[in-house]
Every structure is written in structure tokens, then in C-alpha cells.
Amino acid sequence: MIVRDAVFDDMPAIVEIYNALIGTTTVAWTETEQTLEQRELWFRWTRERGLPVLVAEHDDNVIGFTAYGDFRGAGVWPGYRHTVEHTIHVRESSWGLGIGRTLLTELIERARAAGIHVMVGAIDGDNVESIRFHERLGFGVVARMPEVGRKFDRWLDLVLVQRILTEAEPA
């Protein structure tokens, strides 16, 4: 497996990975699958801003991806400019093989190199595996927001995790 920067040709695989669990899980709080055009717009916008999008590839197949973006609209609220929120998704058939760990570790290093101070993740409260995964990588649970989301006709809790990446003062 290799981890590399994503390219436009990876977008169909990223859409497939992202959409795979929408209809059956609360991993993503949407009931509408993403289109290739939507993902390509996201990718173009993310890359234009110089933000990383990484993929894990095995045997020429994309098996996972990760990225980060603004936390709470850092463009509007500049006080958040040193904090990012990440996303990470791995093909279900590749869960438990260390792909997520490798991807997120590389994303953290990219964030550090960019001078990011804090990385945040927002996880469905029932997704105990994801919460534990993040804890193993040094993230701490900092908040549980009861019933802030809704999917499958039930209320969902949001768990926020964070990891401080740098100790130095920003430039």
C-alpha cells in the first residue's frame, strides 16, 4: 500500500468509498449519495486552497482517503485559522488493516508542516470504533453533543475529538 496525493482520476473511487455506507450507516449524516461532479468541485476547491487530499492505494486501487478543511468557517472567523477538521474513509473490505492509521498519520504530518495547531474530528456517537481509532492516534474526546443530528428517523449524538499538533506559537 502507498499513500499519495489524490488526483482527479481518483474521484470516482472516492465517491464510491464515501457513498458505500450512506444508505446503511450514520457515518455520514446524509441520506443523499454524492455525485462525481460534487466531489470533483470539492477536490478542485480543496486543492486550489493548498489543502491536502490523500489516498491509500493498493494494487492500483484506491482503498481509502483523507483530507482536512476549515474548522467552523475559518475564512469567516479567522480566530479558527490554526484549527482544521478532518475526514477519513476506508473501504469496508479494508477495515482493520492499518490503512486508516497510515492515512491519518500522514495527514497529521501534513497539517504540522502547514503550521496547523489543532485537528478536530466529528464522529457519530454510535460509531464507537471510530472514536477508539482516533483515541489510539492521540485524539481525545472533548465534547458529546446529544441529538444534534437526525438520520433514519432517529436523533444522533455528535462526538468531537481533537488532537493538539504543535506547541509552538504560530507565525
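The values are calculated or read from the model by the stated rules, or taken from the named source; none is laboratory data. Source: prediction; values computed, not measured. We place every Cβ from the backbone using ideal geometry, glycine too, and count neighbours over all the protein chains shown.
For the range 18-44, how many residues are within 16 Å of the chain's Cα centre (by Cα) and within 19 Å of Glu85 (Cα to Cα)?
Count: 9.
Which residue out of Ala13, Ala20 is closer than 26 Å to Val148 by Cα, surrounded by 15 or more Cβ atoms within 10 Å (Cβ to Cβ) and not charged (D, E, K, R)? Lay out the reasoning, then the answer.
Values: Ala13 fails: closer than 26 Å to Val148 by Cα.
After ruling out the rest, the residue left standing is Ala20.
Restricting the search to the range 134-153, which residues are closer than 20 Å to Ile88 by Cα and of a type outside the set (D, E, K, R)?
Passing the criteria: His134, Leu137, Gly138, Phe139, Gly140, Val141, Val142, Ala143, Gly149.
Pick from the range 34-70 the residues that are touching a residue at least 40 places away in the same chain (Cβ under 8 Å) and of a type in the set (Ser, Thr, Tyr): which of them is farthest from Val118 (Cα to Cα)?
If we take residues in the range 34-70 being touching a residue at least 40 places away in the same chain (Cβ under 8 Å) and of a type in the set (Ser, Thr, Tyr), then Thr66 is farthest from Val118 (Cα to Cα).
The rows are residues; the columns are (1) assigned to a helix (DSSP H, G or I); (2) in contact with a Pro (Cβ under 8 Å, 6 or more places away or on another chain); (3) touching a residue at least 24 places away in the same chain (Cβ under 8 Å); (4) on the phi > 0 side of the Ramachandran plot.
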{"site": "Gly96", "(1), (2), (3), (4)": "no, no, no, yes"}
{"site": "Ile116", "(1), (2), (3), (4)": "no, no, yes, no"}
{"site": "Met119", "(1), (2), (3), (4)": "no, no, yes, no"}
{"site": "Leu156", "(1), (2), (3), (4)": "no, no, yes, no"}
{"site": "Arg163", "(1), (2), (3), (4)": "no, no, yes, no"}
{"site": "Glu167", "(1), (2), (3), (4)": "no, no, no, no"}
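Pick from the range 13-49 the residues that are among the aliphatic types (A, V, I, L, M) and in a loop (DSSP other than H, G, I, E, B): which of them is nearest to Asp70 (Cα to Cα)? Step through it out loud before you land on a result.
Here is the first cut: in the range 13-49, the ones among the aliphatic types (A, V, I, L, M) are 13-15, 17, 20-22, 27-28, 36, 41.
Then drop every residue that is not in a loop (DSSP other than H, G, I, E, B), which leaves 20-22, 27-28.
Details: Ala20: 25, Leu21: 24, Ile22: 23, Val27: 20, Ala28: 18 Å.
The residue in question is Ala28.
What are the pairs with Cβ atoms under 6 angstrom where one residue, in the range 17-33, is more than 13 Å from Ile88 (Cα to Cα) and without any contact (Cβ under 8 Å) to a residue 40 or more places away in the chain and the other, located anywhere, is of a type in the set (A, V, I, L, M) and buried (at least 17 other Cβ atoms within 10 Å of the Cβ)? Sequence gap at least six, or different chains.
Ile22/Ala28; Glu33/Ile22
Can you name the residue in the range 34-63 that is among the charged types (D, E, K, R) and over 24 Å from Gly73 (Cα atoms) and, of all such residues, is surrounded by the most Cβ atoms within 10 Å (Cβ to Cβ)? Please lay out each step first, then the result.
Residues of the range 34-63 that are among the charged types (D, E, K, R), as a first pass: 37, 39-40, 44, 47-49, 57, 59-60.
So of that shortlist, the ones also over 24 Å from Gly73 (Cα atoms) come out as 57, 59-60.
On the way: Glu57: 18, Asp59: 6, Asp60: 5.
Per the stated criteria, the residue is Glu57.
How many residues, within the range 111-133, are of a type in the set (Lys, Arg) and either farther than 29 Å from Glu92 by Cβ or in contact with a Leu (Cβ under 6 Å, 6 or more places away or on another chain) (or both)?
From the range 111-133, those of a type in the set (Lys, Arg) are 112, 132; that's our starting set.
Next, from what is left, pick out any that are either farther than 29 Å from Glu92 by Cβ or in contact with a Leu (Cβ under 6 Å, 6 or more places away or on another chain) (or both): 112.
So the answer is 1.
Scanning for something within 20 Å of Trp29 (Cα to Cα), modelled with pLDDT of 95 or more and either in contact with a Cys (Cβ under 8 Å, 6 or more places away or on another chain) or acidic (Asp, Glu) (or both), does the range 99-112 turn up at least one residue?
No, the range 99-112 has no match at all.
Only one of Gly140, Gly73 is touching a strand residue (DSSP E or B) at 6+ places or on another chain (Cβ under 8 Å) and farther than 23 Å from Ile22 by Cα. Can you tell me which? Working first, answer last.
Numbers: Gly73 fails: touching a strand residue (DSSP E or B) at 6+ places or on another chain (Cβ under 8 Å).
The match here is Gly140.
Any residue in the range 126-137 that is within 20 Å of Pro52 (Cα to Cα), in contact with a His (Cβ under 9 Å, 6 or more places away or on another chain) and either in a helix (DSSP H, G or I) or at pLDDT below 95 (or both)? Quick ask: steps written out before the conclusion?
So the first thing to find is which residues in the range 126-137 are within 20 Å of Pro52 (Cα to Cα), and the list is 134, 137.
From the residues that got through so far, the ones that are in contact with a His (Cβ under 9 Å, 6 or more places away or on another chain) too are none.
No, the range 126-137 contains no residue that is within 20 Å of Pro52 (Cα to Cα), in contact with a His (Cβ under 9 Å, 6 or more places away or on another chain) and either in a helix (DSSP H, G or I) or at pLDDT below 95 (or both).
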